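Trainee: Take a look at the following structure, please.
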Amino acid sequence: MRILGIETSCDETAAAVVEDGRQVRSSVVSSQVKLHAPYGGVVPELASRAHVELINPVVDEALMEAGILDAGELDAVAACHGPGLAGALLVGVSAAKALALSTGLPYVQVNHLEAHLYAGWLEEPDLEPPLAVLIASGGHTLLVVMEDHGRYRMMGQTVDDAAGEAFDKVARFLGLGYPGGPAIDRLAAEGDPDAVAFPRAMLDEGYDFSFSGLKTAVVNHVRKHSDVATRDVAASFQEAVVDVLTTKLLAAADEAEAPTLVLGGGVAANSRLRSRVAEAAKASGRRVFLPPLALCTDNGAMIAGAAWWRLRADGPTPLDAGVAPSLALPTISEVGVRRRSLRSASADDL
Ligand code: KG4
Ligand code: ZN
């Protein structure tokens, strides 16, 4: 089954064709980074307009790369319907629904957070729940135990800024540009992670995270010590974020007795987080799955991958469904009422 996945929730216009939820046949990502960089962050209206201009060429290229001459050769069309920027989401969802309507193919709406989680299967088809998953992006920081397909136990999330947001805000303050995560990651490689002892908020308090105090601590420190090397601040800040993320991921895996750790979302591209989580997994005898960088940040393949599982469980989405800018990851209490997991859904449901 070949599914076209479309992603326009923020500042990437992306489309991909994925076969059977696992094999990526094509993946095209057009980044708007240059468009938003002068403003130091994503400008929603500019993002929507750019998505409108880019969506058709990006979809065409994804189909062409996958060797699909006519969209009718696909088996379904999927789009991310939330969470994200309303105007941006509308572009991808409208494009997918238009394609579904004109070809008669089923339309599938996909939760962006669930898609980040399913990016794992695109590289590691044999991944088996239970998994302890950390999804850390510009908008979210979630610690989830995936007990089965479609069954998520929420362990913790951020009470203020998302981890990626903290990277972006600190980078902006340090004059490192946008997006901040990759800039801090690069500079931190030359700095001393022990130079400044930044706070590790809520380290011993359950599984929730807080990053806004850390951001303030960075600002206060730099204002007080104007001679401090920016690379040392970057490395010490990164270490504080990574410390908390790694410690809580391991603790959640312990509690849930999950033998496998998975990272997802843009912050999962962070080199220090990847190496710390890999070390921690090794030390605790766990498997770890770190998606390749292109599958950590937003892309269409993760949407098409998650759509395959969702289609098997829920069937097609009606074409009158809209966008859901504040959508959350469906956790077990909500999913439980459906009384079945994605795995047990049969192909007849289609
Ligand atoms: O998942 P994503 O592409 O979009 C959202 O759903 O938000 O994540 C983007 C976030 C940005 O905050 C960016 O700064 C961060 O991921 N990011 C990183 C790295 N690469 C991207 N953060 C830390 N280190 C990186 N190497
Ligand atoms: Zn994302």
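The values are calculated or read from the model by the stated rules, or taken from the named source; none is laboratory data. None of the values given here were measured: they were computed from a predicted structure. Positions of Cβ are generated from backbone atoms using ideal geometry, with glycine treated the same way; all protein chains shown enter the neighbour counts. Accessible surface is based on the protein model in full, side chains and every heavy atom, while ligands, DNA and RNA are left aside. Shrake-Rupley method; radii C 1.70, N 1.55, O 1.52, S 1.80 Å.
Yes or no, residue by residue, for (1) outside any helix (DSSP H, G or I); (2) out of contact with any helix residue (DSSP H, G or I) (no Cβ under 6 Å at 6 or more places or on another chain); (3) modelled with pLDDT of 95 or more; (4) within 24 Å of A235 (Cα to Cα):
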position	(1), (2), (3), (4)
V262	yes, no, yes, yes
R274	no, yes, yes, yes
E279	no, yes, yes, yes
G285	yes, yes, yes, no
P291	yes, no, no, yes
D298	yes, yes, yes, no
A307	no, yes, yes, no
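Trainee: Quick check: anything in region 225-245 outside any helix (DSSP H, G or I), aliphatic (A, V, I, L, M) and in contact (Cβ under 8 Å) with a residue 40 or more places away in the chain?
Mentor: no
Trainee: Those residues that are farther than 28 Å from V33 by Cβ and outside any loop (DSSP other than H, G, I, E, B), I need them from region 189-212; list them, please. Explain how you work it out, then say what you get.
Mentor: Residues of region 189-212 farther than 28 Å from V33 by Cβ: 192, 194-197, 199-208.
Matches in region 189-212: none.
Trainee: On to the next question. Pick from L35, L4: which is more than 16 Å from ligand 2 (Cβ to nearest atom) and open to solvent by less than 10 Å² (accessible area, probe 1.4 Å)? Can you show your working first?
Mentor: Details: L35 fails: open to solvent by less than 10 Å² (accessible area, probe 1.4 Å).
Every option except L4 fails the conditions.
Trainee: Assuming V144 fulfils every condition listed in (1) open to solvent by 10 Å² or more (accessible area, probe 1.4 Å); (2) modelled with pLDDT of 95 or more apart from one, which condition is it?
Mentor: With (1) open to solvent by 10 Å² or more (accessible area, probe 1.4 Å); (2) modelled with pLDDT of 95 or more applied to V144, the lone miss is (1).
Trainee: Can you say whether G82 is open to solvent by less than 50 Å² (accessible area, probe 1.4 Å), within 16 Å of ligand 1 (Cβ to nearest atom) and either at pLDDT 95 or above or of a type outside the set (A, V, I, L, M, F, W, C) (or both), as far as the supplied structure shows? Working first, answer last.
Mentor: Working: open to solvent by less than 50 Å² (accessible area, probe 1.4 Å): yes; within 16 Å of ligand 1 (Cβ to nearest atom): yes; either at pLDDT 95 or above or of a type outside the set (A, V, I, L, M, F, W, C) (or both): yes.
Yes, satisfied.
Trainee: Determine whether A162 is buried (at least 23 other Cβ atoms within 10 Å of the Cβ), at pLDDT 95 or above and within 16 Å of ligand 1 (Cβ to nearest atom).
Mentor: Details: buried (at least 23 other Cβ atoms within 10 Å of the Cβ): yes; at pLDDT 95 or above: yes; within 16 Å of ligand 1 (Cβ to nearest atom): yes.
For A162, the condition - buried (at least 23 other Cβ atoms within 10 Å of the Cβ), at pLDDT 95 or above and within 16 Å of ligand 1 (Cβ to nearest atom) - is met.
Trainee: Here is a further query. For a quick check of your reading of the model, give me the residue pairs whose first member lies in region 314-338 and is closer than 27 Å to E147 by Cβ, whose second is open to solvent by 70 Å² or more (accessible area, probe 1.4 Å) and modelled with pLDDT of 85 or more, with beta-carbon atoms closer than 7 Å and at least 6 apart or on different chains.
Mentor: Partner pairs satisfying both residue conditions: T331/R153; I332/R151; I332/R153; V335/R151.
Trainee: Take region 287-307 and flag every residue that is buried (at least 23 other Cβ atoms within 10 Å of the Cβ) and of a type in the set (G, A, S).
Mentor: Result: G300, A301, A304, G305, A306, A307.
Trainee: Yes or no: P259 open to solvent by 40 Å² or more (accessible area, probe 1.4 Å), more than 21 Å from Q109 (Cβ to Cβ) and out of contact with any Ser or Thr (no Cβ under 8 Å at 6 or more places or on another chain)? Spell out how you get there, then give the answer.
Mentor: On the way: open to solvent by 40 Å² or more (accessible area, probe 1.4 Å): yes; more than 21 Å from Q109 (Cβ to Cβ): yes; out of contact with any Ser or Thr (no Cβ under 8 Å at 6 or more places or on another chain): yes.
Here the answer is yes, as P259 does meet what is asked.
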